[in-house]
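Let me begin by presenting the structure, written as structure tokens, before commenting on it.
The values are calculated or read from the model by the stated rules, or taken from the named source; none is laboratory data. Note that this is a predicted model, so its numbers are computed, not measured. Backbone-built Cβ (ideal geometry, glycine too); neighbour counts: all protein chains shown.
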Amino acid sequence: MNSLQRIAIIVSYEWKRALARKMLIILLVIAIAFEAFPFILFSRGGLFLPSGIQETMWVTGILSGQSLFVQLIAMQVAGSSMSDEYEQGTADILLSKPIKRVEYLAGKFLGGILVLSFVEVVTAVTGIVLSYGLFGVQQNIQFVPLMYVAVMYSILVFYSLTFMFSEFLRRSNLAMFAGFGVFLISQIAGTALLFTSGQAFKDLSQLLPTWSATAFPASLAVSLNLQPSWWIISGLTFAIVGDAALAATIIAVYAVIFVVLAYVRFARSDVTKKTA
């Protein structure tokens with residue numbers, strides 16, 4: 001059995017673990033309900049929908065929960081990924097098998113991404129179906145796969161951060177709280193910097209993890225002319241549009257740093273028995 005096969009086994013294990021804990025089902029139900037919210041709001045709530053937006057409502061559906069809800073789901077999945085094994089006492093059992101630590105870590109990381117990708121697929125399909133059903137034929141639908149990849153890529157910042165906390169703290173709740181704490185502080189600090197006079201403060205706000213994580217898909221949508229920036233900023237997305245390439249680069253830098261730190265901690269520490 002080669003390295004890729006061993007990683008695939010851990011990925012499969014993560015998928016089965018999510019199913020056994022009913023976490024996947026719960027996430028799907030919540031995601032579908034949250035995805036339906038903007039469509040119900042605009043189609044039945046009597047809110048004004050600007051001309052030209054109806055033909056691209058699928059974009060609003062994809063972006064509406066990306067700046068907060070999708071990030072929270074990512075932190076939920078990542079927070080329990082490593083720490084659950086310590087809390088349940090299964091980490092030492094899994095690592096007693098013929099598997100390298102880097103393979104174990106890669107499998108756990110990719111397994112969580114697989115769970116999130118499935119949730120996002122169902123969410124995107126729900127948005128597309130509702131867009132056609134409530135607002136008619138949609139335009140630029142060929143960009144759905146690209147926007148899906150953009151949303152999945154954008155979760156890497158806080159998924160990787162909380163994954164790192166999951167290994168460092170080895171407590172699911174603590175890891176999720178720590179991830180959300182960083183998200184909240186970064187969001188508040190970024191907003192404060194953004195509305196502070198001076199370009200230097202605005203540039204600094206873009207270096208905070210929340211900007212790249214929440215702005216990348218919205219910035220890509222604007223650069224592709226899928227929806228105007230004024231709608232993305234003032235509608236249900238609440239993302240600050242900027243340079244998509246810069247956001248993508250910052251996401252990659254943060255993700256690499258957090259994953260490397262998680263691996264260093266994991267490689268150099270002992271596997272503990274079940275924690276109290």
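Structure summary
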read-out: Pair list, Cβ under 9 Å, 6 or more apart: the range 162-173 residue free of Cβ contacts under 8 Å to residues at least 60 places away in the same chain, other residue polar (S, T, N, Q) and in a helix (DSSP H, G or I); value: none
read-out: The one condition in (1) crowded, with 20+ Cβ neighbours inside 10 Å; (2) at pLDDT below 90; (3) under 22 Å from GLN76 (Cβ atoms) that PHE238 fails to fulfil; value: (1)
read-out: Whichever residue in the range 73-118 is modelled with pLDDT under 90 and of a type in the set (Val, Ile, Thr) and, among such residues, is nearest to LEU261 (Cα to Cα); value: ILE99
read-out: Residues that are basic (Lys, Arg) and assigned to a helix (DSSP H, G or I), drawn from the range 86-128; value: ARG101, LYS108
read-out: Residue list for the range 86-97, filter: without any contact (Cβ under 8 Å) to a residue 24 or more places away in the chain, of a type outside the set (D, E, K, R) and exposed (fewer than 14 other Cβ atoms within 10 Å of the Cβ); value: ILE93, SER96
read-out: Filter result for SER83 (buried (at least 19 other Cβ atoms within 10 Å of the Cβ), polar (S, T, N, Q), within 23 Å of the chain's Cα centre (by Cα) and under 30 Å from TRP231 (Cβ atoms)); value: no
read-out: Condition met for VAL29 (surrounded by 15 or more Cβ atoms within 10 Å (Cβ to Cβ), within 30 Å of VAL137 (Cβ to Cβ), at pLDDT 85 or above and not charged (D, E, K, R)); value: no
read-out: Selection within the range 41-60 - surrounded by fewer than 22 Cβ atoms within 10 Å (Cβ to Cβ) and assigned to a helix (DSSP H, G or I); value: LEU41, PHE42, SER43, ARG44, GLN54, GLU55
read-out: Test result for PHE258, of a type in the set (Phe, Trp, Tyr), surrounded by fewer than 22 Cβ atoms within 10 Å (Cβ to Cβ), in a helix (DSSP H, G or I) and modelled with pLDDT of 80 or more; value: no
read-out: Matching entry among SER131, SER219, SER160 (being in a helix (DSSP H, G or I) and under 30 Å from LEU105 (Cβ atoms)); value: SER160
read-out: Verdict on SER166 being under 18 Å from ALA213 (Cα atoms) and polar (S, T, N, Q); value: no
read-out: Criterion: in contact with a Ser or Thr (Cβ under 7 Å, 6 or more places away or on another chain) and either at pLDDT 80 or above or outside any loop (DSSP other than H, G, I, E, B) (or both) - qualifying residue of THR249, THR210; value: THR210
read-out: The range 213-235, subset hydroxyl-bearing (Ser, Thr, Tyr) and modelled with pLDDT under 85, residue nearest to PHE143 (Cα to Cα); value: SER229
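Residue-by-condition table, conditions (1) part of a loop (DSSP other than H, G, I, E, B); (2) out of contact with any Leu (no Cβ under 8 Å at 6 or more places or on another chain); (3) surrounded by fewer than 15 Cβ atoms within 10 Å (Cβ to Cβ); (4) in contact (Cβ under 8 Å) with a residue 40 or more places away in the chain:
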residue: SER12; (1), (2), (3), (4): no, yes, yes, yes
residue: PHE39; (1), (2), (3), (4): no, no, no, yes
residue: ILE62; (1), (2), (3), (4): no, yes, no, yes
residue: SER67; (1), (2), (3), (4): yes, yes, no, yes
residue: VAL70; (1), (2), (3), (4): no, yes, no, yes
